[in-house]
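Every number in this text was worked out from the coordinates using simple rules, so none of it is lab data. Please read these numbers as outputs of a predicted model, since none were measured by experiment. All Cβ positions, glycine included, derive from the backbone under ideal geometry; neighbour counts span all protein chains shown.
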Amino acid sequence: MTTLPTSPLTSPREDHSLSLRGSRGLVWSVLRLHRAALWIWLLLLAAVSATMLWAYGPGFDAAAADLRQQCRDSVVACHFPSGPWYGKYDTAVALSTLVVAYLPFLVAVWAGAALIGRELETGTAHLAWTQSVSPARWLAAKLAVPALLITAGTAVLIPLHRLMWNGGEELLWADWYDQDAFHANGTVALAYALCGLAVGALAGLLLGRALPALGVAFAAMLAITYLGNDYRPSMWRTVTVTGAKALNLPDDSLRLDQGVITTEGTRIGNNLACTDALDGAADLRRCMARGGLSDIWATYHPRSHFWPLQLAETGIVLAVAALAVIAAFVLLNRRVATASAAASVPPDRRTAAVGAAV
Amino acid sequence: MSRDEEGIALAAVGLGKRYRRRRGPVLRNCSFRLPAGRICALVGPNGAGKSTLLSLAAGLIRPTEGTLTVLGTTPAEARTRFAYVAQSKPLPPQLTVAATLRLGAELNRARWDRAAAERIAYGPLAPGGDRDGALDPTSKIRSLSGGQRTRVALALAFGKRPELMLLDEPMADLDPLARRELLGALLGEAAEHGTTIVISSHVIAELEGACDHLLLMGGGRIRLGGDPEQLLAAHTLLTGPARDLTGHTVVESRDAGRQLTALIRPGGPLPDDWQTAAPSLEELLLAHLRNPDAPDLFTEETVETDENEENARA
């Protein structure tokens, strides 16, 4: 008999119809084993969606009406919005942004601890592997089913959050590049959540225990999120302007750096010389001449860079997720027996299998 | 696949397993063959490597060296055809008994025997009503006792209708009544379907009489293998005056002055002034465990198959 050379991730023995039939059972088993998590996910979706819809509609209207009234009564209130309705509205927006932005952490600790870590710790994963399901297909189902549910859920959350955010701009005083808002307002929310799933699963497989996997998954997501926030501005080409334009960047721009160019041509970053020359081009020229500068410049992301930045970061984070998934499969396949391992014993060695005879 | 491979349920060649690189191996140069259709007791002291051997056979871990052939192929390829019950009887605690059986059905869609699984879990479909030990389908796994969980784990194994059952210490948690019942069910399964059954245990007494094949593990390898009757017949327990035992294989000997007690494999006729007796299975196993240097022994039957193979190939 011969062994077909196969990729470690697939088994040649499972023909298509069989693997489809088997998959349905696997999907059922993932949903049944993690039924509590499924309910919590649905409840969370419902609660956050309801909160965001309230904030978009009645919450915003009530707060705005209340503030208009206050503004008519006292000028101070126009500049310092407060009051019970505004408080409620602000809390609702802040909470729902928080949940959508930090959802990836929730997914990661769940995937590390409950989805994979606990199953390996108690041995119920091994129970599945000794039914008619290969470990690789088990892991594939463990990743695919939650991934689908996460995608479906965030596909509801992100548009709702955008609706609430865009609708409430005049009350929120927040910028498009605020970290939490950026995380909740676009496709990166989905990318980070899927990355959390992959990283959590990898941590669970790597450690094989629920609690350590929970900790490591959280720490890994913390690191990834931190790096994402840190390198976000460099994920899309910035705009640099010089002269008077550098003093008056378009509204809602994310100013990254500004500086001066000396008459010798040296470029100095992080320098605020002459930025107080607001009276016009003539004022600026006088100031530069006084300081021996030939020009000033500023680097920024205009608001129109929101989607390019979102998509670039989404791509990078999804690539990280893909790497984690590949690592998880490789790790699993190195640990358990796979179909590609040697299948038969050479005949001459087989006789040697038996020791001394009577 | 050649025919002789179909007749062999388990075959190991030079099998070795080491968990951590710096620690010693759990299995070392372990070789044996188990013909199909046997009820095999895998016995040995704690830490002898029984669980490791069964995990290897179930494809849950990879050997560091050597090969293990399960039902004529690799453990991974044979996955659908064997059942494995781990020592800790892991079952999802949040499921009910009925949901656990459903899980077995969903994960073994191609070959699930619902009746067989429910017979083990809920007891035979007798009109007599409730039986002791039978499980309530609605009770959660979390609330079950160790023995009851063993029953569910075995029900999953039976429902798979396997050709080979690998059972790691299945009897340890069971009360004597349940032990008898489930052992009876295993024997019935083997008789009816020709299922090969491997049961590991460190208490040989609970399997004596039920098994027709014995594998004794010690020091990370198989020390004795074969039909227990034949293994016993190959050994003699003798008492008599101390004398040179050259020509016989001495498994264990104890000198008490001029009097000698020894368990030997006779290599020729024994002198008349020695009293001989047939050892019990327990005596045989203990003597081998106490003396790691005693040579390994596999009964002729296992080798015969081998010679036939050689002839067939020639």
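Observations, loosely collected:
- Dimensionless Rg ratio for the range B:21-80, taking C-alpha atoms and the 2.2 N^0.38 Å reference: 1.17
- Taking amide H atoms as placed 1.01 Å from N in the peptide plane, the amide H of B:A58 has no partner under 5 Å among residues 5 or more positions away or on other chains.
- Estimated D of chain B in µm² per second, where Rh is the Kirkwood radius over Cα pairs and Stokes-Einstein applies at 10 °C, 1.306 mPa s: 75
- Peptide A:305-317 shows a mean partner chain C-beta count of 0 within 10 Å per residue C-beta.
- Neighbour net charge for A:N270 - beta-carbon separation under 13 angstrom, K R +1, D E -1: +1
- 3J(HN,Hα) along the range A:314-323, derived from phi through the Karplus expression 6.51 cos²θ - 1.76 cosθ + 1.60 where θ = phi - 60°, amounts to 4, x, 5, 5, 5, 5, 4, 4, 4, 4 Hz, with x in place of Gly and Pro.
- Computed over the Cα atoms of the range A:25-146, the ratio of the radius of gyration to the Kirkwood radius (Rg/Rh) comes to 1.28.
- Here's how it looks for B:L214: its modeled amide H is under 5 Å from those of B:A41, B:G226, B:D227, which are all 5 or more places away or on a different chain.
- Shape category assigned to the range A:254-301 from the gyration tensor of Cα positions, a/c cut at 1.5: oblate
- For the range B:175-283, projected area of the alpha-carbon convex hull averaged over all directions, nm²: 9.2
- For B:F298, residues with placed amide H under 5 Å, excluding near neighbours: A:A356, A:V358, B:G225
- Helix axis angle, B:97-107 relative to chain B longest principal axis, alpha carbon, degrees: 80
- Charged neighbours of A:S294, selected by a Cβ distance under 12 Å, balance to 0 (K, R count +1; D, E count -1).
- Alpha carbon centroid spacing (whole Å) that separates the range B:51-76 from the range B:136-174: 22
- Shown in residue order for the range A:44-55 are the 3J(HN,Hα) couplings computed by the Karplus curve 6.51 cos²θ - 1.76 cosθ + 1.60 at θ = phi - 60°: 4, 4, 5, 5, 5, 4, 4, 4, 5, 5, 4, 5 Hz (x for Gly and Pro).
- Cα shape, the range B:50-191, gyration tensor, a/c 1.5 rule: prolate
- 222 nm mean residue ellipticity, helices alone, for chain A (DSSP H n ≥ 4; -39,500 (n - 2.57); rounded to 500): -20500 deg cm²/dmol
- If you wrap the tightest convex hull around every Cα atom of chain A and split its volume per residue, you get 214 Å³.
- DSSP-defined beta bridges in the range B:3-226 - what % are antiparallel, rounded to 5: 50
- Using the Karplus relation 6.51 cos²θ - 1.76 cosθ + 1.60 with θ = phi - 60°, the per-residue 3J(HN,Hα) values for the range A:266-273 come to 6, 9, 10, x, 6, 10, 9, 4 Hz, with x marking Gly and Pro.
- When only alpha carbons are used to place a centre, the range A:151-176 and the range A:107-123 end up 32 Å from one another.
- For the protein assembly as shown, the equivalent ellipsoid derived from the Cα gyration tensor has semi-axes of 71, 30, 20 Å, listed largest first.
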